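Everything on this sheet refers to the single structure shown next.
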Amino acid sequence: MAKKNVQGAAAMADRGGQSAGDGSAGAPDVSVRPERNRKERAEEILHILRGRIANHELPPGTRLQEVELAEEFEVSRAAVREILGALEQRGLVNRVPNRGAVVARLEIEEIYEIFDVREALEGLCVRLATQNAPPQTWDPFLERFGDGMAEAIAKGEVEPYIDTLEDLRRETVRWAGNSHATHFLDLLLEKTHLIKLRVMLLPGRAAAGREMHVEMLRHMRAGDAAAAEAAKKRIIRSARDWLERYRSFVM
């Protein structure tokens, strides 16, 4: 039933958002609802496609067919074109003459540039979060990055490390409270999601990263924003160095 409701909303939007009301006095204004549903549906599809690109379910060079996407998501081709335009604005898709929309391919030089920008933005977020958050905010993360995680990593179990990193990133960004930094970080991490995961899985990287994050969190717990920011920047530079060292395994 939920699927039929979504399809109906999309169909109404594609017909121009005509209201079902009779225009009588006192009738509720439903003209806004189809437009809102259309936008919500577009955001939902955009989120799905962004995830597929980030996880390489749609690898670089994949052609995104308007007709196929319209059929899969049961929306109009015009709606698909708008979504592809949004992906292009985020740098995830390129418009190629005679081929249409194609998933963008990252060159190694661009990846290094993204690491440089991440160093600045993530360092900023750590500094702001340290200044804004109560010191005890970071206690659960110090516990999660503790000896139990070290033992898990030594056994080859890196999932807890990856999950904790993502939770820490979200909490740091939340306490940083800088919407512009958050927006640009989302763009950058979206483009390098798989590369980031591959670097984490390199031999010894998770163990080294855990120790560096413990150091950073201790500075955050102590309220030393400058030292915490410097520690975060070292973490990003270290990841960049590991990528360069093992480039043939990652790319």
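The values are calculated or read from the model by the stated rules, or taken from the named source; none is laboratory data. This is a predicted model, so every value here is computed, not measured. Quick reminder, even Gly has a Cβ in these numbers, built from the backbone with ideal geometry, and neighbours come from all protein chains shown. Surface areas here come from the heavy atoms of the whole protein model, side chains and all, with no ligands, DNA or RNA. Shrake-Rupley method; radii C 1.70, N 1.55, O 1.52, S 1.80 Å.
How would the range 108-250 be classified by its alpha-carbon gyration tensor: rounded, prolate or oblate, with rounded meaning a/c under 1.5 and the a/b versus b/c comparison settling the rest? Oblate, because a/c is 1.5 or more while a/b does not exceed b/c. Once backbone amide H atoms are built at 1.01 Å from N, V93 has E88, A104 as its partners under 5 Å, excluding neighbours fewer than 5 places away on the same chain. Here's how it looks for L64: its modeled amide H is under 5 Å from those of A101, V102, V103, which are all 5 or more places away or on a different chain. Distances between placed amide hydrogens fall under 5 Å for F145 paired with no residue 5 or more residues away or on another chain.
Selection among N94, C125, I45 by position relative to the dipole of the range 30-130 gives I45 as farthest towards the positive end (Cβ unit charges, Cα centre). Using θ = phi - 60° in the Karplus curve 6.51 cos²θ - 1.76 cosθ + 1.60, the 3J(HN,Hα) couplings for the range 75-81 round to 10, 6, 5, 4, 5, 4, 4 Hz; x is entered for Gly and Pro. If only the Cβ of Lys and Arg carry +1 and only the Cβ of Asp and Glu carry -1, the dipole of the range 92-251 around its Cα centre is close to 400 debye. Surface composition of the range 150-194: carbon and sulfur make up 54 percent of the accessible area, probe 1.4 Å.
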